[in-house]
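Following: one structure in structure tokens, then a few remarks.
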Amino acid sequence: MFEAIAFYLFAFLTISMFFIAVTTSQALHALTALAAGMIFISAFFFILGADFLGAIQIVVYSGAVMALYAFGMMFFDTTRDIKEKKGNSAIVFGLSTLAAILIVVIFAAPMVSGTIEALYPVVEGAGNTQQVGLVLFTKYLVPFEVAAVMLLVAMVAGIVLAGKKMDLSLTLMSDDEVMKLKNEQNKKVLL
Amino acid sequence: MELYLYIALFSPLVGSMFAALFAASPKTSIAGIVPSFLLFVSFVASTILLVNILSGGDVVHVEMMTWMATGNLYIPFGFVVDQVSVTMMMVVTVVSTVVHVYSIGYMDHDKSFNRFFAWLSAFVFSMLVLVMSDNFAGLFIGWEGVGLCSWGLIGFWYHKESATWAANEAFIMNRIADLGMLIGLFLVYWNTGTLQYDEAFAAMPALAPEVLTWMGIFLFIGAMGKSAQFPLHTWLADAMEGPTPVSALIHAATMVTAGVYLVVRANPLYELIPHVGLFIASLGAFVALFAASMALVNRDMKRIIAYSTLSQLGYMFVAAGLGAYWVALFHLMAHAFFKALLFLGAGNVMHAMHDELDPFKMGGLKKPLKWTFIMMTVASVALAGIYPLAGFFSKDLILEVSLIEHHYIIYSVLLFTAGLTAFYSFRLVALIFHGEERYKIFGIHPHEAYKFVLIAMSPLLLLAVIAGSFKMTYFEMVTAVLPATEYHVHSVMMYWIMTIGTQLFVLLAIAFAYKKYANNAIAIPDGSSKMENRLCYKILKNQYYIPYAYEEYFVKPYRELSDVFWKHIDMKIVDASVDGIANIFYSTGEKTRTMQSGNLSTMLKWMVAGTVALLSLAVVYGLAVRYSDEIMLILSGLGVQ
Amino acid sequence: MLDHILSILIFFPALAGIFGFVIQKDSIRAYGIAVSAIEFALALWLWFAFDSSVSGMQFMEQIALIPAFGINYILGVDGISLFIIILASFFTLIGIASLGETKDEKNMIITLLFLQMTMIGVFVALDAIVFYVFWELSLVPMLYIIGAWGGPLRVYASVKFFLYTFTGSLIMLVGMLFMAYFYYQATGTWSFAILDWYRLILPESFQLWLFVAFFFGFAIKVPMFPFHTWLPYAHGQAPTIGSVILAAILLKMGTYAFIRFSLPLFPDASVFYMFPIAVLAIIMIIYTAMVAYAQKDIKQVVAYSSVSHMGVIILGTFALNVEGISGSIFLMIGHGVVSGALFLLVGVIYDRRHTKMMSEFGGLAHVMPRYATLFGIMMMASVGMPLTINFVGEFLSLLGFYEQSHILTLLAGIAIIVGAIYMLAAYKKMFFGTVTNEANKNLPDVNKRELVALIPLVLITIWLGVYPKPLLEPINNSVEAIVQLMHDKSITEEAKSRIPNLMSDIEITRTSMQEVH
Amino acid sequence: MMEIGLNHYLVLSTILFSIGLVGVMRRKNLLMLFFATEILLNAVNIAFAAISHFYGDLTGQMFAFFVIAIAASEVAVGLGLLIVWHKRHGNIDLEHMSTMRG
């Protein structure tokens, strides 16, 4: 009973937050709604007993990712409304709805839902974090390490891309100057 | 004896190769003398073989080597010298030796002298292969070989458009017949399992009559081409574009008789199918008359002789078709001698007249060309069948055969043709040698041919006179392999009436020809006289419009159809549809490149659309699997398997 | 060395081609001739060591490539492929030796050596995947030869050649994969080895589909009507050497593959499709002969005549008896020699006048008598004169098919008429008459370099026409094995009756047979 | 209705996913587009977690972890690129990015 109420409540909240995030014309609103939606999602993880995943969700998304977005937005002019040319919304919503229905049909089909088997069953008598640790550091050790390297690479890439030549505004320079700069830098990553 | 066989067969080949060595170099008389000598050697070897056969020796049968062997098929290069082939060998070697020597004189001034002998000797070799082979495949080798050499020799003066055209016509028309021959061969092989004469003929009586009939028909189609029977006859007259010795050797004495030889050789087959034989005889009689009629009005010396050849071939086919194979072969032999003589004489006239062919432009040549006159007259008398020359014995025999076999229509046609033959032969002789000397208008000073040329011709002259006397020896010899039916009119009275009647008829025709053409004031046809405007004259003059019809209804449509096939079907349909398919892909790319507008938003929309499409496929597939039984049920209800 | 002679035959020219890049430009021709001469000598050695009384595969080599899927590097040679291999090495030698003034000679010779590798690879491969790889690889050097050294339309021609044949072989590849899959279903193991496939008996319905899939690949290569239109373009634009190799060897891949794959793998389907294919072959024979007659360009005449002759080969193949198949294999050799020689001859005149239009010529027999003679001999061989190489093949092919259908053979026999028509007409236009064109007045006759290439071809043409036994015997043995195999494998009544039973002891057929359902 | 099963979660995940799709298709501002992709990833994560729970298998959770890791890297690199683009062109509007026009 409690589970059902929680599910429907958070489902409603999540959907509405995300809906705001994709429809609002204010960047700040969107960001805020997204962050809220992320937190609400972690609630599902807790309901599902994936405590560790829920914690990670809050830490990584609501913490790191949102902060990153927030910092990123500082570079842009976020206060003004985002003017977007509206396309044919019928196509957009139609396609999305269709995709949703199809996915549901596929997942609900007996031949798919009936044939899933547990590869790494839940270990009895251990907490979720412990279980995750057991699997992550045995079966998924190599992917885990690769993911770690990937994050490192992503970090370096982010710094290089965003951080270089912070003092110069390429926007304000004329094309000739940019070209000159490019020639001086001689094949350094600029653009 | 085998050695003599090989000598007889291969010395012409050696001669041909010897002459071919000099083909590209300027005229050397050695290139003519050596092949002639080698042919003489071949003749001597053939004579030895003949003597061997005559003296009761065994038939010489050799198998030189395997030619083709695969599956059940086994074809060797096998040669047989029996009574039939030795006769043919004698004819071929005698005539060709004479023609070779004659050509040394005739082709004296031709710059392609050497090439001529290469071809001519090659022809003799092919002809010998044809007659000596012991199987159908070997026969076919010779068959095609003589066709090739005939092509090369008709088109010998290749700078002349008419010559090359005639060469190609002859080759292609022969090919049409060769197809029939080839099919005949296939029939023989698949029904008897072999192409060897003896084995195949031994197996034939056991076969179904329809199969034998088809076999006989197809083989005869082959014979029709080589022997220029209607409707494949037009090439022979056009083939007169070749040098005259070629006409003498190939288109009178040897190659054109190959068809008769084939029927004679296949006599065990044609014995079994008398109805086909009757057809052959009827066609032969028809061609005899048909060709003779065209010879009546022609103004080209060589063509007249060619038509006469055609007509005589008709006689031979009558004999062969009626089962009198030995008679056919006998006429073949006698005809070869006097017809070759006639042609060689015509060659002398042509030389004297600077290649003029129209007898109306000659006249009175008997003085400058005395020997030629004698020879041609004798040959014409022989052709007309006057006693005691060769033609009488052989041709009268054919008339008797048709009478005895109760084919009176054929008999009367042949009798009438005999009169026509006499008429046109002596029309020619009269126009050339008698009457006013019309050639003087053209400022020509005719002179007799070289001495050695005349001497070379003399054996033929002799044979044309005496060949008839070999009749009984010959009969005894060949009936060892051919059906020995003697043809005697039952009552002596009847025989004499018939013979004398025929002779009188022929003599009358000769007299008529002389009367009309040997006087000084003959009407040179110039299109004005009343006779020339008659329909039948026009038809005859235009050879029944058959060459015209072939040109109009076969050659031209073929050319046009080829063009249509190429320009419209191949280019516009077949190739265009291939390019069309390629263009569909190309234009699809062209059209859909707008999808790649570079606008990420649009591309994202396409991406989602693609995802939706894939998902729907998955759903459809899942449903189809789930309900496959029901779907099959519905489909089977609709009649789909 | 004899154990690996097939691998050596394949890879020696390729390695030599790679080394060719470091050879000086001046000596590349000598190098090319030396390499191809060694290759030819090796091929002759193969013939010498070949035991012609054995009907099965000889000199087999096997190296596992992808054992999990049964893909192995298997090579072998039998009477069917032996002579095409020799022909391929022979023509590469002749081609390089007679190479005229060519720009970028070095690359041309290297390309030819690579082409040789692929050609020999196709004919010795006994694994479908290896076969397919060489089959497709052979397109690449040819694409270069046409595209880089060709005439004005070379890009169109080469792309058309490439895409057209490539499309066909992709369909063939699908067929091969299915075939392997069926084999897997039947036996539980994967195999792409052709000899393994031979043992598989497929139900008729499977055969029909797979036959069609293979048919597309082969028919486009042959090329059969109506898939032939790439050929005139390719020949028209290709340089002489390209046309020679294309006509002499590459086209034979299609007909060879019919005998190697279609017939023994799908005997019932072969019988089922025999008449449709025979009708196509007859259309090919007559129709393309007529198209050839309409051509104005001598090279196109020869190109279309190739198509016409390939029709006879196809007909012989689908005679499904020993006579017909042996004849068609022999005709492959014969047509290779003759059409190769004819293309070389066309190249001779093209080198001198830089035109191939027949209307530009006329009376060439006066100025170039030796050339006219050689051309005449080859023309007569092409027309199918007895005692030349083509006649043996044509005769046997038609003879074989006569057992299957009389009427169709009669129609196909028209080949000997229409063939004579276009060839004689072309010869007349080029060589007969008087020299009318000033440019032709002083043409030099065939020179030594050209004679080196042409004389051997003339000799082969006549030698094998007079004495075909050295070739026919091994061919016959291998063909008997194939025919017996087909007879044993066939399921339907009709196939049993159409394919003769030779009742001889042939080893491949005696191995186990499995039914698949 | 009251018993929450796997299908409930899957439907929820699908709804969120299609909201994300709407965002992806509708948004012209690159930053907003990034937000939409985050929604897509999160929707999938829910499905993973739910399946993991209902089948008693941890593989789903593992996948969700890696998805999060990938999302984080994507944000880092993507934002970096975005900033460079903004510096160069002064906007981050999709409509102006059409250099890949075919």
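Nothing in this text is a laboratory measurement; each read-out follows from the coordinates by a stated rule. Note that this is a predicted model, so its numbers are computed, not measured. Counting neighbours? That spans all protein chains shown, and the Cβs are built from the backbone with ideal geometry, glycine included.
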So, relative contact order of segment D:6-90 in percent, Cα under 8 Å, 6 or more apart, is 27
Sorted by Cβ density within 10 Å, fewest first, the residues C:Trp190, B:Trp119: C:Trp190, B:Trp119
Please give every one of the aspartates and glutamates within straight-line cross-link reach of C:Lys296, meaning a C-alpha to C-alpha distance under 13 Å, and leave out same-chain neighbours fewer than 8 residues apart. B:Asp563, C:Glu360
Round to a whole angstrom and tell me the spacing of the C-alpha centers of segment C:232-249 and segment B:85-138. 40
Send over the semi-axes of segment C:181-234's equivalent ellipsoid, whole angstrom and largest first, taken as the square roots of 5 times the C-alpha gyration tensor eigenvalues. 31, 12, 8
Would you mind getting me the FRET efficiency between A:Ala90 and A:Phe12? Use the beta-carbon distance for r and R0 = 25 Å, nearest 0.05. 0.45
Which cross-chain or sequence-distant (5 or more) residues have an amide H under 5 Å from the amide H of B:Thr66, H modelled 1.01 Å from N in plane? B:Phe77
Between C:Ile455 and C:Leu177, what FRET efficiency follows from the Cβ-Cβ distance if R0 is 41 Å, with the result rounded to 0.05? 0.30
Mind ranking A:32-40, D:24-32, A:139-147, B:120-128 by how tightly packed they are, going by the mean number of other C-beta atoms within 10 angstrom, highest first? B:120-128, D:24-32, A:32-40, A:139-147
What's the average, rounded to a whole number, of partner chain beta-carbon atoms within 10 Å of each residue's beta-carbon in A:7-13? 3
Evaluated over the protein assembly as shown, the Cα radius of gyration and Dmax, each in Å: 44.1, 144
From the mean inverse distance of alpha carbon pairs (Kirkwood) and the Cα radius of gyration, derive Rg over Rh for chain B. 1.17
When you look at the Cβ of every residue in B:72-84, what mean number of other chain Cβ atoms sits within 10 Å? 2
Per residue, what volume in Å³ does the Cα convex hull of segment A:1-78 take up? 62
Would you work out if segment B:558-641 is rounded, prolate or oblate? Take a ≥ b ≥ c from the square roots of the eigenvalues of the alpha-carbon gyration tensor; rounded if a/c is under 1.5, else prolate when a/b is larger than b/c, oblate otherwise. oblate
Average projected area [Cα convex hull, segment C:273-467], square nanometres: 10.0
Rg followed by Dmax, in Å, when segment D:6-90 is reduced to its Cα trace: 15.2, 50
When B:Asp355, B:Asp570 are ranked with the fewest other C-beta atoms within 10 Å first, the list becomes B:Asp355, B:Asp570
Cα centroid distance between segment A:50-67 and segment C:300-368, in Å? 78
Amide H to amide H, which residues 5 or more places from B:Leu73 or on other chains are under 5 Å from it, using H placed in the peptide plane? none
Return the average number of partner chain Cβ atoms within 10 angstrom of each residue Cβ along peptide C:114-123. 0
Could you sort B:380-390, B:39-49 so that the peptide with the highest average Cβ count within 10 Å comes first and the rest follow in order? B:380-390, B:39-49
Rg and Dmax [Cα atoms of chain C; Å; Rg one decimal, Dmax integer]: 22.0, 74
Add -39500 (n - 2.57) for each DSSP H run of 4 or more in the protein assembly as shown, then divide by its residues: what number comes out at 222 nm, to the nearest 500 deg cm²/dmol? -23000 deg cm²/dmol
Taking Cα centroids, how far is segment C:4-31 from segment B:1-54 in Å? 50
Length-normalised contact order for segment C:273-467 - Cα pairs under 8 Å, 6+ apart - percent: 31
Most fluctuating residue of D:Ile39, D:Ile15, D:Ile51 in a GNM of chain D with Cα springs under 10 Å: which is it? D:Ile15
Over chain C, what is the relative contact order in whole percent, taking alpha-carbon pairs under 8 Å and six or more residues apart? 17
Less than 20 Å from a label point 7 Å out along the Cα-to-Cβ axis of B:Ile500: which backbone N atoms in segment B:368-406 qualify, by residue? B:385-389, B:392-393, B:396-397, B:399-400
Filter on B:Lys366/B:Lys471; B:Lys395/B:Lys440; C:Lys103/C:Lys428; B:Lys567/C:Lys356; B:Lys451/C:Lys428 - keep pairs with C-alpha separation over 30 Å: B:Lys366/B:Lys471; B:Lys395/B:Lys440; C:Lys103/C:Lys428; B:Lys451/C:Lys428
As a footprinting exposure proxy, order C:Leu9, C:Leu364 by other Cβ within 10 Å, with the fewest listed first. C:Leu364, C:Leu9
